[in-house]
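A quick write-up on the structure given underneath.
Computed from the coordinates by the stated procedures, all read-outs in this text should not be read as laboratory data. None of the values given here were measured: they were computed from a predicted structure. With ideal geometry, Cβ positions are generated from the backbone for all residues, glycine too; neighbour counts draw on all protein chains shown.
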Amino acid sequence: MSHVFPRHCHATLPTAVGGEGCFLIDSDGKRYFDGSGGAAVSCLGHSNIRVREAVKAQVDQLAFAHTGFFTSDPAERLADLLISQAPGDLDRVYFVSGGSEAVESAIKLARQYHVERGQPQRRHLIARRQSYHGNTIGALSAGGNAWRRQQFGPLLVEMSHIAPCYDYAERRDDETPETYGQRVANELEAEILRLGEDSVMAFIAEPVVGATLGAVPAVPGYFRRVREICDRYGVLLILDEVMCGMGRTGHLFACDADGVAPDILCIAKGLGAGYQPIGAMLCSAGIYDSIAQGTGFFQHGHTYVGHPVAAAAGLAVLQEILEQDLIAQVRQRGDHARAALQARFGQHAHIGDIRGRGLFLGVELVADRASKQSFDPAFGLAGRLKKAAFAEGLVCYPMPGTRDGRNGDHVLLAPPFIASEAELDLMVDRLGRAVDGVI
Ligand code: PLP
C-alpha cells in the first residue's frame with residue numbers, strides 16, 4: 001500500500017521513471033506524449049541538457065543560503081535577465097516557489113503599497129469569474145472557479161468577481177468582438193464605483209485564461225480598456241501569467257500581445273520548466289520604491305525565496321528560450337498544431353471551439369454545436385477523456401468547465417516548445433482517437 005497522499009484517492013497511477021524530449025516513460029516502458037506539460041510546466045521537454053547541467057553545477061556550488069542573510073549569483077542574474085525582457089516599467093523580481101505563492105505575494109504587495117502611500121482604505125481586490133489563481137486561501141479567494149472553491153467558502157476572503165472575456169460563449173449576437181470586449185471591461189469600472197472609487201487596491205486577471213476556461217485569450221482592446229480604468233482609479237493591475245507566461249503564447253509574456261503592461265506580473269510553471277519549483281512576482285519601480293522609501297520591508301516571505309538551485313534552473317530555462325529563439329518556434333508550431341486540430345475537429349459534431357495562442361491551445365466540447373450547449377455534467381466527460389487519452393499515450397488536461405449554468409468542458413493543450421510538427425500531429429491524432437472513443 002502506498003503512503004503517498006494522492007490527488008485522487010481511488011486512482012491507480014503508473015510510476016513515471018523517465019523523461020525523454022516530449023515524452024514521459026512509465027515503469028512498464030510505456031511512452032506518453034506530454035501534450036500539456038503536466039499543467040503547462042514542461043516547456044523545454046524532459047531532458048534539456050543545459051538546464052540539467054545548470055542544476056547539478058549549482059547544487060555542487062551552493063545549495064541554499066537564506067535570503068534574510070545573503071543574495072546569490074543565480075538569483076541576481078535571473079532577475080536581471082527577466083527585467084531586461086519584461087514589459088513596461090517592471091523593475092524588481094521577488095522569487096517564490098510556485099504560482100500560488102506568486103499570487104499571494106502579489107495580493108499582499110498591492111495591499112502594502114497602498115498602506116505605505118497612506119491609503120489604507122484600499123482593501124478590495126477585483127478578480128474575474130471563471131479564473132484560477134492558485135489553491136492557497138488568498139489565491140483561491142481571488143479565483144472564480146466555483147468547483148475549486150465550493151468546499152472552502154467559509155474560509156475565503158471576500159473579493160469581487162466580474163465577467164471574464166469569453167468571446168465564444170458570452171458575446172451577444174449584436175456585438176462585435178471589440179464592442180463585447182469594451183462592455184465586459186467596463187464591468188470593472190462599474191464594480192470600482194460600486195465598491196467606492198478609492199477603496200479598490202487591485203484588479204487581477206489571466207491574460208489567457210488557462211485551467212478554468214481552456215486557453216481563452218481576451219478580444220482585442222479588452223486589456224487596453226482595463227489598463228485605462230485601473231489608471232483612472234489608482235487601481236493596480238496584476239496579471240497572472242503563471243500558466244500563460246514564459247513564451248507559452250508565442251510572446252515571452254502573454255500581455256505583450258495585448259499591448260499592455262501590468263504593475264505586478266506573476267509567473268511560475270514555465271520559469272522552472274519542471275526542473276525546479278520556482279515562481280516569481282515582478283513589480284514596477286514605483287511599487288518597490290513606495291516600500292523602500294516607507295517601512296523598507298515587505299511584510300512577507302517564504303523560506304525558499306530566491307532558492308539558488310531553483311534560480312539556476314530558471315536562468316538556464318530563460319537563456320535557452322531566448323538563445324534558441326524558441327518564441328518564434330512556438331508561434332510556428334502553434335500555427336501547425338492549430339491547423340492540425342482544425343483539420344481533425346473542425347467539422348466534428350461535438351467540438352464547439354478551437355482556440356488559444358502559440359502552444360497554449362484549447363478545444364471546447366459541446367453536446368450541440370448550434371446552441372453551444374454542453375454535456376450533462378453527470379456524464380463526466382472530462383474524466384472519461386483524460387482516461388481515454390492516457391490509454392492512447394497522451395497526457396492532456398481535460399477540465400469540466402464552470403461556464404455559468406452550462407458547464408463547458410474543454411481540453412487544454414500545452415506541449416513542449418521543442419515538439420516537432422510530427423509530434424504535434426501525433427498529439428492531435430491521439431486526442432482525436434480519445435474523443436471518438438468517448439463521444
Ligand atoms: N495561477 C494560474 C493562472 C494557474 O494556472 C495556476 C496553476 O495552475 C496557479 C496560479 C497556481 O500555481 P501553483 O499550482 O504553482 O501554485
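Largest mean-square fluctuation among 154, 416, 400, in a Gaussian network model of the chain whose springs join Cα atoms under 10 Å apart, belongs to 154. Each of 262, 97, 155 was scored by the projection of its Cα onto the charge dipole of region 52-323, and the greatest displacement toward the positive side belongs to 155; charges sit on the C-beta of Lys, Arg, Asp and Glu. Packing-based ranking of 105-111, 91-97, 383-389 yields 105-111, 91-97, 383-389, ordered from highest to lowest mean Cβ neighbour count within 10 Å.
Where in region 257-350 are there chymotrypsin sites (Phe, Trp or Tyr not before Pro) that are in a DSSP coil and have at most 10 other Cβ atoms within 10 angstrom of their Cβ?
When the chymotrypsin sites (Phe, Trp or Tyr not before Pro) of region 257-350 are filtered for loop state and at most 10 Cβ neighbours within 10 Å, 297 remain.
Cross-link reach is defined here as a Cα-Cα straight distance under 25 Å, omitting same-chain residues fewer than 8 places apart; for residue 108 the lysines meeting it are 269. For the pair residue 332 and residue 146, the difference between a 0.36 nm per residue extended length and the Cα-Cα distance amounts to 63.4 nm.
Sorting 424-434, 26-36, 62-72 by their mean Cβ neighbour count within 10 Å, with the most densely packed peptide first, gives 424-434, 26-36, 62-72.
Charge dipole (Cα centre; +1 on Lys/Arg Cβ, -1 on Asp/Glu Cβ; no other charges) of region 52-323 amounts to roughly 660 debye.
DSSP bridge analysis restricted to the chain gives an antiparallel fraction near 65%, rounded to the nearest 5.
3J(HN,Hα) couplings calculated from phi for region 198-208 with the Karplus curve 6.51 cos²θ - 1.76 cosθ + 1.60 (θ = phi - 60°) are, in sequence order, 10, 10, 9, 8, 6, 10, 10, 7, 8, x, 10 Hz; Gly and Pro show x.
Taking all Cα pairs closer than 8 Å and separated by 6 or more residues, the relative contact order of region 52-323 comes to 30 percent.
With an a/c value of 1.5 or above and a/b not larger than b/c for the gyration tensor axes a ≥ b ≥ c computed over the alpha-carbon atoms, the chain is described as oblate.
Report the FRET efficiency, 1/(1 + (r/R0)^6), for residue 369 and residue 179, where r is their Cβ-Cβ distance and R0 is 30 Å, rounded to 0.05. Plugging the Cβ-Cβ distance into 1/(1 + (r/R0)^6) gives 0.80. Here the simple spin-label model places points 7 Å from the Cα toward Cβ, and for residue 70 and residue 195 these points are separated by 4.1 nm. Shape class for region 115-215: oblate, because the ratio a/c of the largest to smallest gyration tensor axis (alpha-carbon atoms, square roots of eigenvalues) is 1.5 or more and b/c is at least a/b.
Could you list the residues of region 284-322 with an amide nitrogen less than 20 Å from a label point located 7 Å from the Cα of residue 77 in the Cα-to-C-beta direction? Flagged as within label range: 305-322. Listed by chain and number, the lysines whose C-alpha is less than 25 Å from the C-alpha of residue 30, apart from same-chain residues fewer than 8 away, are 386, 387.
Model label sites at residue 85 and residue 9, defined 7 Å from Cα along the beta-carbon direction, differ in position by 4.3 nm.
The slack in the chain from residue 27 to residue 292, taken as 0.36 nm per residue of separation less the alpha-carbon distance, amounts to 90.2 nm.
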